[in-house]
Amino acid sequence: MLTRTVTLPIEAGAAIHQTLGILDDHGRQREPVRAALLEQRVWDGWTNEEWNALRGEDADIELEIEDAAILLDGLAFTEMMSADLPWFDMVRWTVDFMTEQLRSAWTDDEWNQLSAT
């Protein structure tokens, strides 16, 4: 469990919720307990009023490398499922950006260690 604290805008928190929801909707969630705990941590980063307005200060959220792996899987699945949509280029750009942000929080050695387990 390699933990990092990342500072996220509320829009990124909403994107995390959406990504986890897509995995759930398609029965692709391999670690439902971990995903639920991650979703709760993200939800707790802002108040209900901030979520309703989708406005709030950036929040520090703790992510373990396993959490990031779930999100990366969800992003890859979302990209694959969006291939025929007219806004696919925007989906691809967003997935590429988020993937770079998530992967860069851990070293290649740490990612390799995770994949070896």
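Of all GluC sites (Glu not before Pro) in the stretch 1-84, which ones are in loop regions per DSSP and have a Cβ with at most 16 other Cβ atoms within 10 Å? List each step's numbers first, then the result.
Working: sites: 11, 39, 49, 50, 57, 62, 64, 66, 79; in loops: 57.
Here the sparse-neighbourhood loop sites are 57.
About the Cα centre of the chain, how large is the charge dipole given +1 on each Lys and Arg Cβ and -1 on each Asp and Glu Cβ? Please answer in debye to the nearest 20. Before the final figure, lay out each step's value.
Values: 8 positive and 24 negative charges, 45 e Å.
Around 220 debye, computed over the chain.
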Residue 90 - accessible surface, heavy atoms, 1.4 Å probe, Å² rounded to 10: 120
Quick one: dipole size for the stretch 22-70, taken about the Cα centre, charges +1 on Lys/Arg Cβ and -1 on Asp/Glu Cβ, in debye to the nearest 20. 260
For the stretch 5-117, what is the accessible area per residue in Å² when the probe is 1.4 Å? 63
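In the chain, how does Rg compare with the Kirkwood Rh, expressed as the Rg/Rh ratio over alpha carbon atoms? Could the numbers behind the result be given before it?
On the way: Rg = 14.2 Å, Rh = 14.9 Å.
Rg divided by Rh gives 0.96.
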Using a Gaussian network model of the chain whose springs link C-alpha atoms within less than 10 Å, name the residue from 107, 99, 19 with the highest mean-square fluctuation. 107
Computed [θ] at 222 nm, helices only, for the chain once each DSSP H run of length n ≥ 4 contributes -39500 (n - 2.57): -20500 deg cm²/dmol
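Determine, from the Cβ-Cβ distance of residue 25 and residue 110 and an R0 of 22 Å, the FRET efficiency 1/(1 + (r/R0)^6), rounded to the nearest 0.05. Kindly include the intermediate steps, with their values, before the conclusion.
Details: r = 30 Å, r/R0 = 1.36.
Calculated transfer efficiency: 0.15.
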Dipole of the stretch 54-117 [Lys/Arg +1, Asp/Glu -1 at C-beta], most positive-end residue of 69, 88, 117: 88
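Trypsin sites (Lys or Arg not before Pro) within the stretch 37-117: which are DSSP loop residues with at most 16 other Cβ atoms inside 10 Å?
Details: sites: 41, 55, 92, 103; in loops: 55.
Hits after loop and neighbour filter: 55.
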Charge dipole of the stretch 10-69 built from unit charges on the beta carbon (Lys, Arg +1; Asp, Glu -1), centred at mean Cα; most positive-end Cα among 22, 40, 59 is 22
Full extension from residue 37 to residue 84: what is 0.36 nm times the residue separation minus their Cα-Cα distance, to one decimal in nm? 13.7 nm
Once both label points are put 7 Å beyond Cα along the C-beta direction, the residue 6-residue 101 separation in nm becomes 0.7
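Just to make sure I understand: if all protein chains stay in place, what is the order of 17, 26 by accessible area at 1.4 Å, largest first?
Working: 17 30, 26 95 Å².
Ranking 17, 26 by accessible area, largest first, yields 26, 17.
The values are calculated or read from the model by the stated rules, or taken from the named source; none is laboratory data. No experiment lies behind these values; they were computed from the predicted model shown. Reconstructed Cβ throughout: ideal geometry from the backbone, glycine too, with neighbour counts over all protein chains shown. Quick note on the areas: whole protein, heavy atoms, side chains included, nothing else; ligands and nucleic acids left out. Shrake-Rupley method; radii C 1.70, N 1.55, O 1.52, S 1.80 Å.
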